[in-house]
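Following: one structure in structure tokens, then a few remarks.
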Amino acid sequence: MNNEIADLFKKHGSDKLAHNYTDIYFSYFKELKDQKLNILEIGVADGKSIKAWSEYFSKSNIVGIDINKIDLDQKGLKKENIFIHEGSQSDANFIKGIISKYEKFDIIIDDGSHLPKDVIKSFNLLFPSLDSNGLYFVEDIQTSYIHFFHGNPFDLKYSKTHMNFFKHLTDSLNYQEIANPFYRKKMYDSKITNISFYHNMVVVKKGPNNQESNLIMNHSYEDKRYLTRLNQKGSENKLKYYIKYKILYKLYTFFLFFVNLIKKIVLLRF
Ligand SMILES: C[S@@+](CC[C@H](N)C(=O)[O-])C[C@H]1O[C@@H](n2cnc3c(N)ncnc32)[C@H](O)[C@@H]1O
């Protein structure tokens, strides 16, 4: 199948071609081409990608935001399906205004400042406006690894980079499986169905994720196991199972919880 997105990036001179994003985009967008969508790109610059999206998704609204003023005449961006706004991706009021104007987005692409704080803040601000089954792309994630872009190449696991933000987000895919009775549901739990990592790009797919665990009930392995054993073996062994799962197993869980709590306090890791 011909990759039309590559052809359009070539035609408009977009550097997304050199970044090798075309195959990734094509794999997600080839089914969506003829739909009527709301698409938001953070970072307009010369409008090269905006023009490519405007041609590829000819039935869709293409919304671009940029911290700098964009001269629509000079950049050739005066088209029926292109809407450009000036403002910062991390300005909550500006983003709120964009959301109230367009309501829902099917696709969001972050090609803005690429600074960790901005990327994380705009994801948090914009995710609620992503429609169910919507896709959120974050480009140039390599800035996470470069201290000159506020990344951190020296602490790959615990620094507050956007790469670590998305790595931690993967736990939301499996939040039902976390056997910690003190676990509290987090903002993105049950709302994400897929997170894909590529070289310098992350793609998050929004959607309902409420499938129950086969091993855990209400974040407790012991409670689920107790009920399973009762169902399997009948109630004549109820006391035995109660002591085993509801008391001994729970004590072991609480012991490990406190060991890990102390470890977190000593290492200042939360
Ligand atoms: C890499 S360029 C965008 C290129 C464009 N998407 C393309 O592919 O042709 C990055 C753009 O992000 C804009 N930018 C930087 N910081 C921003 C911020 N905080 N909010 C919104 N846009 C920002 C810059 O002004 C610049 O135009």
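Ranked from highest to lowest mean number of other Cβ atoms within 10 Å per residue, what is the order of the peptides 48-55, 256-263, 243-250?
Answer by packing, highest mean first, reads 48-55, 243-250, 256-263.
Under a point-charge model restricted to the Cβ atoms of Lys and Arg (+1) and Asp and Glu (-1), what is the dipole moment magnitude of the stretch 78-179 relative to its Cα centre, in debye to the nearest 20?
So the magnitude is around 200 debye.
Treat every Asp and Glu Cβ in the chain as -1 and every Lys and Arg Cβ as +1, leave all other atoms uncharged, and give the resulting dipole magnitude about the Cα centre to the nearest 20 debye.
1640
When all alpha-carbon pairs of the stretch 221-267 are counted, what percent fall beyond 14 Å?
55
Would you kindly calculate the translational diffusion coefficient of the chain, applying Stokes-Einstein with the Kirkwood radius from alpha carbon pairs, for 20 °C and a viscosity of 1.002 mPa s, and quote it in µm² s⁻¹ without decimals?
Taking Rh from Cα pairs, D becomes 101 µm²/s.
Given axes a ≥ b ≥ c from the Cα gyration tensor, I'd like to know whether the stretch 22-77 is rounded (a/c under 1.5), prolate (a/b larger than b/c) or oblate.
Prolate.
For the stretch 148-270, just say rounded, prolate or oblate: build the C-alpha gyration tensor, square-root its eigenvalues into a ≥ b ≥ c, call rounded for a/c under 1.5, and beyond that prolate if a/b exceeds b/c, oblate if not.
oblate
For a quick check, take a GNM of the chain with Cα springs below 10 Å and name the residue from PHE182, PHE127, PHE83 with the largest mean-square fluctuation.
Per the Cα network of the chain with a 10 Å cutoff, PHE182 tops the list.
Helix by helix, which DSSP H runs in the chain go 24 Å or more along their axis at the Cα atoms and have an average Kyte-Doolittle hydropathy of -1.0 or more?
250-267
Taking H as built 1.01 Å from N, whose amide H comes closer than 5 Å to the amide H of ILE84, not counting residues under 5 places away?
When sequence neighbours closer than 5 places are left aside, the close amide H contacts are GLY64.
For ILE99, put the label point 7 Å out on the Cα→Cβ axis and report which residues of the stretch 118-148 keep their amide N under 14 Å from it.
Zone members listed by number: 121-132.
Assuming 0.36 nm per residue, please report the length gained on full extension of the stretch ASP15 to SER132 beyond their Cα-Cα distance.
Gain on stretching ASP15 to SER132: 39.2 nm.
For the stretch 61-198, rounded, prolate or oblate, judged on the Cα gyration tensor with a ≥ b ≥ c (square roots of eigenvalues), a/c < 1.5 rounded, else prolate if a/b > b/c?
oblate
If I take all pairs of Cα atoms in the stretch 1-127, what percentage of them are more than 23 Å from each other?
For the stretch 1-127, the share of Cα pairs beyond 23 Å comes to 28 percent.
If you place +1 on the Cβ of every Lys and Arg and -1 on the Cβ of every Asp and Glu, how big does the dipole about the Cα centre of the stretch 221-267 come out, in debye to the nearest 20?
60
Under a crude label model (7 Å from the Cα following the beta-carbon direction), how far is THR170 from ILE146 in nanometres?
Output for this residue pair reads 2.4 nm.
How much length is gained on full extension from ASN3 to PHE182, taking 0.36 nm per residue of separation minus their Cα-Cα distance?
59.6 nm
I'd like the distance separating the alpha-carbon centroids of the stretch 1-80 and the stretch 149-193, in whole Å.
30
For the stretch 171-214, what is the convex hull volume of its Cα atoms per residue in Å³?
87
Only the coordinates and a few stated rules stand behind these numbers; no lab work does. If you're wondering where the values come from, they're calculated on a predicted model, not measured in any experiment. We place every Cβ from the backbone using ideal geometry, glycine too, and count neighbours over all the protein chains shown.
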